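Worksheet for the structure shown next.
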């Protein structure tokens with residue numbers, strides 16, 4: 001059972017989720033939806049704080065918040081981008097978040113994973 005959970009974090013599986021058996025695809029879609037919902041929540045929090053910056057101390061706080069979350073968002077973006085790019089999935093998110101995701105430079109996309117799942 002553990003190997004099935006690990007597969008949700010393996011790029012080879014997530015990048016090709018649409019071509020993998022129905023059971024994995026269903027579970028993965030639920031997982032990826034939860035991940036992108038969390039990412040949108042983090043994005044919303046950052047934008048809301050950014051728009052309401054009152055003083056320098058508050059600004060430092062929001063900059064630290066984003067510094068903490070940006071690498072995580074980029075990692076999740078890389079891992080689950082194929083799911084997000086599937087057109088029906090995009091309909092679940094706000095336009096400004098979609099623009100943000102489409103503007104990300106997620107760094108190098110991994111071509112292989114050391115963990116073999118099969």
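The values are calculated or read from the model by the stated rules, or taken from the named source; none is laboratory data. In this text the structure is predicted, and so the values were computed from the model without any measurement. Positions of Cβ are generated from backbone atoms using ideal geometry, with glycine treated the same way; all protein chains shown enter the neighbour counts.
Numbers for the structure displayed
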read-out	value
Every residue from region 18-51 that is under 22 Å from residue 100 (Cβ atoms), touching a helix residue (DSSP H, G or I) at 6+ places or on another chain (Cβ under 8 Å) and either assigned to a loop (DSSP other than H, G, I, E, B) or at pLDDT below 80 (or both)	46, 47, 49, 50
So residue 84, is it in a loop (DSSP other than H, G, I, E, B), surrounded by 10 or more Cβ atoms within 10 Å (Cβ to Cβ) and modelled with pLDDT of 75 or more	no
Residue in region 95-116 that is within 20 Å of residue 9 (Cα to Cα) and at pLDDT 85 or above present	yes
